[in-house]
Amino acid sequence: MPASPDETTPGTPATPTAIDPRAPRFGAGITAVLLVVTVFLGLSGFTTAAFVLLVIAAALFAWGAFAGIQRHPYGLVFKRVIRPRLAPPAELEDAAPPTFAQGIGLVVTGLGVILHVLGVPYALVIAAALAFIAAFLNSVFGYCIGCQIYLLLVRAGVIRRHRAAIG
């Protein structure tokens, strides 16, 4: 049976993986909601609840960064529930830049968690706000800051182009 357009056939050597570009935007929308709630809770004095939500966001970013964007819970929901109801995408995109973007989200939210634990005032709110801005831009305008950073680092020769693959 041939592989779907966003997967490789199991048992074949690792090959580049193309994903539906609407999947990361869908996940970014959910992430944006989670992070804006985190910001409002943090500013309203509900820091314990905000801290828990930021830890959850960091864990979800870690999942996407280490397991790959194709295995992220939001991506799986999109693939199984949303995508079958949509027309095929006009084009597919490489999974590596959005996966790298998940790593940047992990760094931002993880730093917020660590600094909050260390007692730095407003670190939690600032980290959540920065991550919210990035998620909002991706979900609403399709502009992925982490993807752009990935492409800049590849062009500058700082990192080698990595094409994500399902292992």
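Would you confirm, using the coordinates I've provided, whether A101 is in contact with a Cys (Cβ under 9 Å, 6 or more places away or on another chain) and modelled with pLDDT of 95 or more? Taking the combined requirement at face value, the residue satisfies it. Of all residues in the range 76-91, those being in contact with a helix residue (DSSP H, G or I) (Cβ under 9 Å, 6 or more places away or on another chain) and either among the hydrophobic types (A, V, I, L, M, F, W, C) or over 13 Å from P21 (Cα atoms) (or both) number 5.
The residues of the range 85-142 that are within 24 Å of F40 (Cβ to Cβ) and touching a Ser or Thr at 6+ places or on another chain (Cβ under 6 Å), listed by number, are A127, A128, A131, A135. In the range 47-86, the qualifying residues are those that are of a type in the set (S, T, N, Q) and at pLDDT 90 or above, and the one that is nearest to I133 (Cα to Cα) is T47. Scanning the range 131-155 for residues that are surrounded by fewer than 18 Cβ atoms within 10 Å (Cβ to Cβ) and either outside any helix (DSSP H, G or I) or not β-branched (V, I, T) (or both) returns L137, F141, G142, Y143, Q148, L151, L152, L153, R155. Between G42, G110, which is crowded, with 21+ Cβ neighbours inside 10 Å and of a type outside the set (K, R)? The unique qualifying residue is G42. Look at (1) assigned to a helix (DSSP H, G or I); (2) modelled with pLDDT under 95; (3) surrounded by 14 or more Cβ atoms within 10 Å (Cβ to Cβ) and you find that P89 fails only one, number (1). The single condition among (1) over 24 Å from R161 (Cα atoms); (2) in contact with a Lys or Arg (Cβ under 9 Å, 6 or more places away or on another chain); (3) among the aliphatic types (A, V, I, L, M) that A96 does not satisfy is (1). Just to check your reading of the model, which residue among G103, G68 is of a type outside the set (A, V, I, L, M, F, W, C), surrounded by fewer than 19 Cβ atoms within 10 Å (Cβ to Cβ) and under 18 Å from C147 (Cα atoms)? That would be G103, the only listed residue that is of a type outside the set (A, V, I, L, M, F, W, C), surrounded by fewer than 19 Cβ atoms within 10 Å (Cβ to Cβ) and under 18 Å from C147 (Cα atoms).
The values are calculated or read from the model by the stated rules, or taken from the named source; none is laboratory data. None of these values were measured; they are calculated from a predicted model. Neighbour counts run over all protein chains shown; Cβ positions are idealised from the backbone, glycine included.
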